[in-house]
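Quick note: the coordinates plus some simple rules give every number you see, no bench work behind them. All figures in this text were calculated on a predicted structure; none of them were measured in a lab. So basically every Cβ, Gly included, is an ideal-geometry build from the backbone, and we count neighbours across all protein chains shown.
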Amino acid sequence: MTTALARPLELCATTAHVNPPVRQRSGSGDALRALYRDHASALLAYAQHFTDDRPAAEDAVQETFLRAWRHLPRLLADDRPLRPWLRQVLRRVLIDAARAARTHPVSLLDDTLIDREVDGGYDVLLDRGLLARALHQLSPAHQQVLIEIYYHDAPAHRVAAALGIPVGTVRSRLHYALTALRHQLAGAQANAHPARG
């Protein structure tokens, strides 16, 4: 009976010598650097193939190695090759990123009008207040059409049906509301920045 117990201890001792526990290795930082050195370029090529966007591919690879770092002791204790596990994690990261992009689309900065000199977003806040004051100066009929079409993204025919008026009337009200709004905002801007003489 003592030989049966001694034998598993011998096996544990020999496997510990061949594959020492993570605590005995030089450190998780070194192990992660080695993992990155061995697999990062292949994973980046894999990610770029699916994203066609190098920064997005680099972000996905970075997230993959972050997840590997979280599971590093278990990964290093496993005898199986690490590349399939890393590729599977990267695949899940890419799928999650694609889903997030579909559900939360992000507009590019070039698509929006941004004053490059704005600092802290205060001008945007002031512009919103200015716009709100200008909207309140419109007639209720013009306000309603403008808000439904621009803020609620409702098509003109749906607004017309909801208000019980012809579509042409909705378009006419929208035109006059926008014209009045432009004049009010131009006057407010002229008052905010008087001409130097």
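Based on the Cβ-Cβ distance of residue 171 and residue 137, what FRET efficiency does E = 1/(1 + (r/R0)^6) give at R0 = 30 Å, to the nearest 0.05?
According to the calculation, E is roughly 0.90.
Starting from the 7 Å offset along Cα-to-Cβ, what nm value, one decimal, do you get for the label separation of residue 54 and residue 183?
With each label point 7 Å from Cα toward Cβ, the separation is 5.3 nm.
For an R0 of 25 angstrom, estimate the FRET efficiency from the Cβ-Cβ distance between residue 66 and residue 101 and round to the nearest 0.05.
Values: r = 19 Å, r/R0 = 0.78.
Taking R0 as 25 Å, the efficiency between residue 66 and residue 101 is 0.80.
Just add up the charged neighbours of residue 160: K/R +1, D/E -1, any other residue whose Cβ is under 11 Å from the Cβ of residue 160.
Numbers: positive: 158, 171, 173; negative: 148.
Result for the neighbourhood of residue 160: +2.
In nm, what is the difference between 0.36 nm times the number of residues separating residue 161 and residue 79 and their Cα-Cα distance?
On the way: separation 82, 0.36 × 82 = 29.52 nm, distance 6.79 nm.
Roughly 22.7 nm would be gained on extension.
Among residues other than residue 138 whose Cβ falls under 14 Å from its Cβ, what is the net charge (Lys/Arg +1, Asp/Glu -1)?
Numbers: positive: 133, 173, 182; negative: 148.
Surrounding charge for residue 138 is +2.
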